[in-house]
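Single-structure report; data block below.
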Amino acid sequence: MIHIYYDSKTGNVQRFMDKLTQITGWHGHKITEDLEVTEPGHLVTFTTNFGQVPEQTLLFMKRASAMINSVTSSGNRNWGRNFGLAADKIAADFDIPLAFKFELSGTMEDINQFIDIIKNHNYDSERGSKKLDIA
């Protein structure tokens, strides 16, 4: 079973996750300060404040990064080079692959591409593999 840990502020990531879990049956876990990570999985978060990592996501990664196999971020293309920048920062800071970036709550095409990336490029691969850096 694939586990996705996610952080959502405005509801965009929540909507992406709702569609994803409905289609796949994967387990989605909303990040809270007391969330215990017992299964390896993937992180989906958002980008805030002109390209910053959300504080709750950062705290989560500081305690659970060893269990996270990839990072994906929602963003807004209006921010140009800062689009989805939280994923780039997390990937660099915690040495995990950047899987994907999507705009706002994503399209069905985004969801299908994300599923393909997770199923075919990372699942059962070595942690830290850079072959996911296709975003």
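The values are calculated or read from the model by the stated rules, or taken from the named source; none is laboratory data. It should be emphasised that the depicted structure is a prediction, and the values quoted were computed from it without experimental measurement. No Cβ is skipped: glycine too gets one built from the backbone with ideal geometry, and neighbour counts run over all protein chains shown. Accessible surface is based on the protein model in full, side chains and every heavy atom, while ligands, DNA and RNA are left aside. Shrake-Rupley method; radii C 1.70, N 1.55, O 1.52, S 1.80 Å.
Scanning the stretch 52-67 for residues that are open to solvent by less than 40 Å² (accessible area, probe 1.4 Å) and either in a loop (DSSP other than H, G, I, E, B) or farther than 21 Å from ARG15 by Cα (or both) yields a count of 5. Each residue in the stretch 68-89 was checked for being surrounded by fewer than 17 Cβ atoms within 10 Å (Cβ to Cβ) and of a type outside the set (Phe, Trp, Tyr), and 5 of them qualify.
Yes/no per residue for (1) at pLDDT below 95; (2) open to solvent by 40 Å² or more (accessible area, probe 1.4 Å); (3) within 20 Å of ALA64 (Cα to Cα); (4) touching a Gly at 6+ places or on another chain (Cβ under 9 Å):
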{"site": "GLY11", "(1), (2), (3), (4)": "yes, no, no, no"}
{"site": "HIS27", "(1), (2), (3), (4)": "no, yes, yes, yes"}
{"site": "LYS30", "(1), (2), (3), (4)": "no, yes, yes, no"}
{"site": "GLU33", "(1), (2), (3), (4)": "yes, yes, yes, no"}
{"site": "VAL44", "(1), (2), (3), (4)": "no, no, yes, yes"}
{"site": "PHE50", "(1), (2), (3), (4)": "yes, yes, no, no"}
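Taking the stated definitions as given, is GLY28 on the phi > 0 side of the Ramachandran plot and not basic (Lys, Arg)? Against the criterion (on the phi > 0 side of the Ramachandran plot and not basic (Lys, Arg)), GLY28 does not qualify. Whenever a residue of the stretch 41-64 is over 21 Å from LEU104 (Cβ atoms), its partners that are among the β-branched types (Val, Ile, Thr) and assigned to a loop (DSSP other than H, G, I, E, B), lying with C-beta atoms within less than 6 angstrom and at least six residues away or across chains, give the pairs PHE60/ILE31; ALA64/VAL37.
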